[in-house]
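Throughout, read-outs are computed from the coordinates displayed, never taken from laboratory work. Values in this document were obtained by computation on a predicted structure and should not be read as measured data. Every residue, glycine among them, receives a Cβ derived from its backbone with ideal geometry; neighbour counts consider all protein chains shown.
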Amino acid sequence: MSEKKYYFFSDVHLGFLTDKEEKIKERKLVSFLESIRRDAEKIFIVGDLFDCWIEYRRAVPKGFYRTLAKLNEIVEQGVEVNFFSGNHDFWLNTYLRDDVGLKLYPDSLDITLDGKRFYITHGDGLSKGDTGYKIIKKILRSPVNQFLYSLLHPDIGLWLAQGSSKKSRLHTEDKQRVIETYGKDPELSSHGASGMREFAAKKIGEGFDFVIMGHVHRPQLIELEDSGRKGVYVTLGDWIRNYTFGSYSMGSFEIKKAADLN
């Protein structure tokens, strides 16, 4: 029997590209999920699986059938699939939990895997200069505001949300371009650090061995030390340009390309 592994990926942004491009991307994603189901102990989707997901009580966004069916098939197989809310798919109701079978996390998770302590979160709102977004995040995630928004017809609500999602994604991509311009270390950017690395270092100082995030669309694995403790900070990359994922087994974490599994 092959060794069980833990898999992590984020920022697929299903629905972002043209219909033709999205079909190609979704086929790649389904193929990836099929390839890891054989030895996966747990799978962690660390936010922004969808470019826009608003779940009404009796309506969900059109599309993504192949992905959701494959995830349900994996869950029915007995593999736990964990879904973290990102800044593009935070509005969750019961569909992904009850019909697809995913375990849902609105913010973060503290979990021990193979004797190592993991802190897992999408990472939105941790960047320096994101004060405005933090305020908007509280407004958008308010149950009262979500109820009021749900009174809009789904066609209207989804159309408005998709426009907002595009603006949010462009903001993230602007920060990504700054990182690429100023070097691999986001702390060197002209915007004065993403803040995510500092947050990760703090968590490592609190006793976590691995801090796993998405959000910035850049695959990186950095060893950090804080308060005399060493750990690893990971951002998983995306499925728009990088097609990367994280794999953990036997105390070792790796970032790989999905194409490498084919």
**Request:** Just one of (1) under 22 Å from residue 123 (Cβ atoms); (2) touching a Phe, Trp or Tyr at 6+ places or on another chain (Cβ under 8 Å) trips up residue 40, so point out which.
**Result:** (1)
**Prompt:** Of the numbered conditions (1) under 17 Å from residue 205 (Cβ atoms); (2) within 15 Å of the chain's Cα centre (by Cα), residue 230 satisfies every one except a single condition; which is it?
**Reply:** (2)
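Out of 85, 35, which single residue is under 18 Å from residue 255 (Cβ atoms) and among the hydroxyl-bearing types (Ser, Thr, Tyr)? If you could, list the steps in order and put the result at the bottom.
On the way: 85 fails: under 18 Å from residue 255 (Cβ atoms).
From the options 85, 35, the qualifying one is 35.
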**Item:** Any chance residue 83 is surrounded by 19 or more Cβ atoms within 10 Å (Cβ to Cβ) and outside any loop (DSSP other than H, G, I, E, B)
**Value:** yes
**Request:** Kindly provide the set of residues from segment 33-51 that are out of contact with any strand residue (DSSP E or B) (no Cβ under 7 Å at 6 or more places or on another chain) and either basic (Lys, Arg) or in a helix (DSSP H, G or I) (or both), ordered by number.
**Result:** 33, 34, 35, 37, 38
**Asked** Within segment 24-67, can you find the residues that are surrounded by 17 or more Cβ atoms within 10 Å (Cβ to Cβ) and aromatic (Phe, Trp, Tyr)?
**Response** 32, 44, 50, 53, 56, 64
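Going through segment 233-260 one residue at a time, which ones are assigned to a loop (DSSP other than H, G, I, E, B) and under 16 Å from the mean Cα position of the chain (by Cα)? If you could, list the steps in order and put the result at the bottom.
Start the filter on segment 233-260 by keeping residues that are assigned to a loop (DSSP other than H, G, I, E, B), which leaves 237-243, 250-251.
Of everything in segment 233-260, those that are assigned to a loop (DSSP other than H, G, I, E, B) and under 16 Å from the mean Cα position of the chain (by Cα) turn out to be 237, 238, 239, 240, 241, 242, 243.
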**Prompt:** If you go through segment 87-100 one residue at a time, do you hit one that is in a helix (DSSP H, G or I), out of contact with any strand residue (DSSP E or B) (no Cβ under 8 Å at 6 or more places or on another chain), surrounded by fewer than 21 Cβ atoms within 10 Å (Cβ to Cβ) and of a type in the set (Lys, Arg)?
**Reply:** no
